[in-house]
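> Please read through the structure below; I'll follow up with questions.
Just so it is clear, none of the values below were taken in a lab; they were calculated from the coordinates. Treat the numbers as computed from the prediction; the structure is a model and nothing was measured. Methodologically, a virtual Cβ is constructed for each residue, glycine included, from the backbone with ideal geometry; neighbour enumeration extends over all protein chains shown.
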Amino acid sequence: MKITFNINGKSQSVDVDEHTPLLWVVRDVLNLKGTKFGCGKAACGACTLHVDGEAVRSCSYPIKFAEGKEVTTIEGLGEGDNLHPVQQAWMEEIVPQCGYCQPGFMMATAALLEKIPNPTDEDIDNNIVNICRCATYYRMRKAIHRAAEIKGTNS
Amino acid sequence: MSNNTKPKNKSRRRFFLKAGLGTMGVLALGTYVFRNPMRRKIYELSETLVPPYNGSGTEANLWFEMTKENKLIFHSPKVEMGQGTFTGFAQIVADELDLNINQIIVKAAETDTGIIDGMSTGGSLSIASMYQPIREMAATMREKIKLEAAKKLSIDASSIKTADGVLTAEGKIMTYAEALAEVTDWSLPDTPELRPFSSYKYIGKPIPRTDLKAKIVGEPIFGMDAEMPDMLHAAVIRPEHVGSSLKSADTSVAEKMPGVVKVVQMDGWIGIIAESFPQALAAKNKVKVEWDIPTVWTEQSLRDYLKIGEGDKMITQKSGAELEEGGDGVIDLEFTSPIGAHAQIEPNGAVAHYKDGKVTVKLSTQVIGITQKQVAEALNIDTENVNIIGTYLGGGFGRRLDTNHAAHAALMSKEVGKPVKYFFTRKEEFQNDMFRPPTHHIIRGKVDNNGQLEALEHHYASGDVAINAALFPPVAGTVLGTDVGAMRGGNIMYKNLPNYRAVQWHRTLPFATSFWRSLGLLANTFAIESFIDEMALKAGKNPVEYRLAMLGDDENQQRIRKVIEECASKANYNDKVSGNKAMGFAASIDAGSPCAQVVEVSIIDNEIKVEKVTCVMDCGLAVNPDQVRAQCEGSIIMGISAAVHEKMTIKDGRLFPIIYGPYDMALMRNSPKEIDVHLIQGVDVPLPVGEPPLGPIGAAIGNAIRRITGKRLTDLPMTLA
Ligand code: FES
Ligand code: FES
């Protein structure tokens, strides 16, 4: 089935089975490897990207639902060479260890900040529910607050 | 112990050079100015507490490579799995080779060209074991570069100054790359004196990780991201039941599924090879398999099999007299820990290409050298014909100390004549992990008239950790008798006790168990430090002072003492309960690095919440204090996860759960908002960092809970409901 959607601002058409998870189209057809596979069952958040601005676990999102929509991955989170405030904050706090889960967390955080520009610790606890086995949560929390600050100053 | 500026055993230490760059075809590529091949004998660091670096033996190995652009590639014998080793290596190289850190690229060495550490990447040893060798080699290279420049510029080498990859002397200037251009004689000068510590610009500084940007923008650096041209994708079927084996399989339906190229039945597993991963997965679900299940294991049968008094017994420590079980005044407390999963987020997998009797494999692994042997063996070819290319790891934690699945990918590639990539599904990760073995402990003690312990014994039973591991030769188990992995943290560290001992019981379980970050340390310390806390409570004494009274006077004992005192003071430790809150204290020493922690715990509706952790560790010289802190923070939260959340169980012969969520792990909301790390430099060489902070955390939490609730929790994970 032919499906057309925007990815990181560019129009794309793919011809795949309509049930194919968006994750595999992004990774293996469009060759954008920043979005990760962790569980394939919407349980870890490693595959989080944005569909029309909403955080979505792409391993469990059939490609057919992406038709006509705007998909953003970690590769398209910043603008050109400019890092997104979330990425800037992640750099400042030196968050990643192995780094594998981090794109998913940054995408989840970016979506959260659109809804709640100044999240409280409780907002963070309730909304950032991805899994990081290196357990970088302590720095992530600091980075999320910092990202809110950077974003607030910029806008 | 000293921060050696003089190379040790100079006469015995040698660099071996491979003749002629041309033979390596590097010049033909035109990219590189030089590749510097050298090999070292097993490195001796007898004065440190750390096992030596143990590189491969006979073939030429490459460490440094200078590009035309005047960048230095360091071919690392260790891999990067999040622990910050590449950053630390870059700092060490930069300081002795007078480079700016931005001029250094660290890459995992390939078996074809690199020097691989036979000891693997693990045991928190990467920086600790490589600090001295890398400094010496970098200094030697600096000298070599100077000599080459001196020749080209017709000046005296001793007048040359080096900085940021540039040589200057007598008004002349030359880059390292220019100095090394067209060099063919790679004989090396003697290792010069190392720089004084005070001159280092990078070592000891909290510089940002060198891989930070790549990980922020999502670069394809992991094994899961690796590809080869024209590759196919595979899924693999493996046993779901503990101890089961493949009886028969009907693959006829799967073979006709869209995109399927071939279905192969191998020894104990089935591979489904297709054009895309979703296609391989869909076809896998259509294979009908029958399994041979000789014994259906349950949680109870496992506990009956693995307990103190069963299997092989080994006394791992003894001093003074033995306590008599049930004797007068002898107190026993029993503890358990469950099966633990690694649950690293990047699944295991590999992409392999078999062609004309040679194999190339790219994967995330902690054991590049061992994987090369496994692949060679499976395909019945020589190891020289197998090149293993290690990538960045999406977490290791010991899971990737055996990556035998590389051989599966290579075998499938041979079957279809194309590169094949495959990885574990999450269910396979959980059911086919090489788990942290469950443990059983009895702590036995006796107190004197003052309530202080006069005898303390740790009896513990564990499944395999080091025994039967691919990392060690098969004889290691029987030669050593003891499982050295299960023993981590198992011995009593309080040497002022009149009587103490540790006794290990070992059994090999019906499913694979192996290294899980910190090995036995987590459960052993939980048992010992919970018991000690209980005794302090009974005696009505402050648990910190109670511990200090059991410590002796030698250097190591004093290092432990200092860490304990410092932690209690930094945290303002007290053992009073305030409402639903209390502090808990515990300490341990692992691989030479003592660590103490104070946790502040609150309990609301039976939920155990760790609000704050104060952690003091003496890990010697911190090459990168920021990354040491990061390791402490991560270890602490991973420890909280293991201590109050995680548990695998056996039900009807199968391991459960098979997915995150049901396999309950600490998330953001379970992580302390405050983690206060203080580092002590008790010795001036780097010591292990990545595992020691996992020791105290479980017991510290249990000790706080005991104060709030009056209940002594003795089983991990701790629950109140
Ligand atoms: S891979 Fe999608 S949530 Fe885990
Ligand atoms: S940084 Fe390793 S899993 Fe999150």
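> Restricting attention to the alpha-carbon atoms of region B:606-653, what are Rg (one decimal) and Dmax (integer), both in Å?
Just the Cα atoms of region B:606-653 yield Rg and Dmax of 15.5, 50 Å.
> Long-range amide H contacts for B:THR649: which residues qualify at under 5 Å (H placed 1.01 Å from N, peptide plane, sequence gap of 5 or more or a different chain)?
Counting only residues 5 or more places away or on other chains, the set is B:PHE656.
> Could you name the aspartates and glutamates in cross-link range of B:LYS612, using Cα to Cα under 17 Å and dropping any fewer than eight places away on the same chain?
Within reach: A:ASP121, A:GLU122, A:ASP125, B:GLU566, B:ASP575, B:GLU600, B:GLU633, B:GLU674, B:ASP676.
> If a paramagnetic tag sat 7 Å from the Cα of B:GLU334 along the Cα-Cβ line, which residues of region B:699-718 would have the backbone N under 13 Å from that point?
B:714-715
> Over all Cα pairs of region B:250-391, how is the pair count split among 10 Å bins, expressed in % and running from 0 up to the last occupied bin?
Pairs per bin, as whole percents: 8, 20, 24, 22, 13, 8, 4, 0.
> Could you work out, for region B:193-241, what percent of all Cα-Cα pairs fall into each 10 Å distance bin, beginning at 0 Å and stopping at the bin that holds the largest distance?
Over region B:193-241, the share of Cα pairs per 10 Å bin runs 15, 23, 21, 20, 13, 8 percent.
> Let me know the volume per residue of the alpha-carbon convex hull for region A:85-154, in Å³.
70
> Further, regarding this structure: For region B:105-177, compute the number of Lys pairs whose alpha carbons are separated by less than 14 Å, excluding pairs fewer than 8 positions apart on the same chain.
Lysine pairs, 8 or more places apart or on different chains, close enough: 7.
> Could you give me the radius of gyration and the Dmax of region B:436-517, taking only the C-alpha atoms into account and expressing both in angstrom?
Answer for region B:436-517, Rg first and Dmax second: 15.1, 50 Å.
> What number do you get for region A:2-76 when its Cα radius of gyration is normalised by 2.2 N^0.38 Å, N = residues?
0.95
> Computed over the Cα atoms, what is the radius of gyration of region B:52-207 divided by 2.2 N^0.38 Å, N being its residue count?
That ratio works out to 1.04.
> Okay, next question. If you average the sequence gap of Cα pairs under 8 Å that are 6 or more apart and divide by the length of chain B, what percent do you get for the contact order?
For chain B, the relative contact order is 14 percent.
> Between B:ASP312 and B:LYS711, how many nm apart are label points set 7 Å from Cα along the C-beta direction?
It is 3.8 nm.
> A further question on this structure: Under 16 Å Cα-Cα from A:LYS151, which aspartates and glutamates qualify once same-chain neighbours fewer than 8 residues away are excluded?
A:GLU79, A:GLU92, A:GLU93, A:GLU114
> Please give the average number of partner chain Cβ atoms lying within 10 Å of the Cβ of each residue in B:269-279, rounded to a whole number.
3
> Taking the simple approach of a point 7 Å from Cα along Cα-to-Cβ for both A:ASP15 and B:ALA321, what is their distance in nm?
About 8.7 nm, to one decimal.
> Right, next: Once you keep just the Cα pairs under 8 angstrom separated by 6 or more residues, what percentage relative contact order results for region B:52-207?
26
> Report, largest value first, the span of the C-alpha coordinates of the protein assembly as shown along each principal axis, in whole Å.
Reported extents, whole Å, longest axis first: 80, 74, 63.
> Between B:MET266 and B:GLU607, take the C-beta separation as r, use R0 = 56 Å, and let me know the FRET efficiency to the nearest 0.05.
0.75
> Another question, if that's okay. Please go through the residue pairs B:LYS307/B:LYS427; B:LYS358/B:LYS421; A:LYS2/B:LYS288; A:LYS2/B:LYS262 and name each one whose alpha carbons sit more than 25 Å apart in this structure.
B:LYS307/B:LYS427; A:LYS2/B:LYS288; A:LYS2/B:LYS262
> Starting with the highest mean, order B:593-603, B:608-618, A:45-55, B:212-222 by the number of other Cβ atoms within 10 Å, averaged over the residues of each peptide.
For the peptides B:593-603, B:608-618, A:45-55, B:212-222, the packing ranking is B:593-603, B:608-618, A:45-55, B:212-222.
> With a cut-off of 8 Å between alpha carbons and a minimum separation of six or more residues, what is the relative contact order of region A:2-76 in percent?
40
> While we're on this one: Round to the nearest 0.05 the FRET efficiency obtained for A:THR153 and B:SER159 when R0 = 60 Å and r is the Cβ-Cβ distance.
0.70
> Using r as the Cβ-Cβ distance of B:ARG303 and A:LYS41, and R0 as 35 Å, what FRET efficiency do you calculate, to the nearest 0.05?
Plugging the Cβ-Cβ distance into 1/(1 + (r/R0)^6) gives 0.70.
> Would you work out the Kirkwood radius for region B:140-218? I mean one over the mean of 1/r across all pairs of different Cα atoms, in Å.
By the Kirkwood definition, the hydrodynamic radius is 14.7 Å.
> Are there any helices in chain B, counted as whole DSSP H runs, that stretch 24 Å or more along their axis by Cα and score at least -0.5 on average by Kyte-Doolittle, and if so which?
Helices passing the filter in chain B: B:126-153, B:521-539, B:625-644.
> Can you work out ³J(HN,Hα) from phi for every residue in region B:662-668, in order, using Karplus 6.51 cos²θ - 1.76 cosθ + 1.60 and θ = phi - 60°, giving whole Hz and x for Gly and Pro?
x, 7, 6, 10, 4, 10, 3
> Using a 7 Å offset from the Cα along the Cα-to-Cβ direction at both B:ASN100 and B:ASP356, what is the distance between the two label points in nm, to one decimal?
That separation, rounded to one decimal, is 4.3 nm.
> Can you give the Kirkwood hydrodynamic radius of chain A from its Cα pairs, in Å with one decimal?
15.7
> Assuming a viscosity of 1.306 mPa s and a temperature of 10 °C, what translational diffusion coefficient in µm² per second does Stokes-Einstein assign to region B:583-668, Rh being the Kirkwood radius over Cα pairs?
My calculation gives 105 µm²/s for D.
> Around B:VAL261, which amide H atoms from residues at least 5 apart in sequence, or from another chain, sit under 5 Å from its own amide H, with H modelled in the peptide plane?
Amide H neighbours of B:VAL261, under 5 Å, 5+ apart: B:ILE273, B:ALA274, B:GLU275.
> Which value at 222 nm does chain B reach when only helices count, each DSSP H run of 4 or more adding -39,500 (n - 2.57), with the total divided by all residues and rounded to the nearest 500 deg cm²/dmol?
-7500 deg cm²/dmol
> Considering the Cα positions of region B:495-546, please state its Rg to one decimal place and its Dmax as a whole number of Å.
Calculated on Cα positions, Rg and Dmax stand at 15.2, 44 Å.
> Using just the C-alpha positions of chain B as equal point scatterers, what log10 of I(q)/I(0) does the Debye formula give at each q in 0.07, 0.09 1/Å?
Log-scaled intensity ratios, in q order: -0.52, -0.85.
> Further question on the same structure: Average projected area of the Cα convex hull of region B:212-314, in nm²?
Averaged projected area of region B:212-314's Cα convex hull equals 12.0 nm².
> Taking beta carbons within 10 Å but only from partner chains, what does the mean come to for residues A:135-144?
Mean partner shielding for this stretch: 6.
> Test of understanding: what is the full-extension gain from B:ARG238 to B:LEU548, defined as 0.36 nm times their sequence separation minus their Cα-Cα distance?
The span from B:ARG238 to B:LEU548 would gain 106.5 nm if fully extended.
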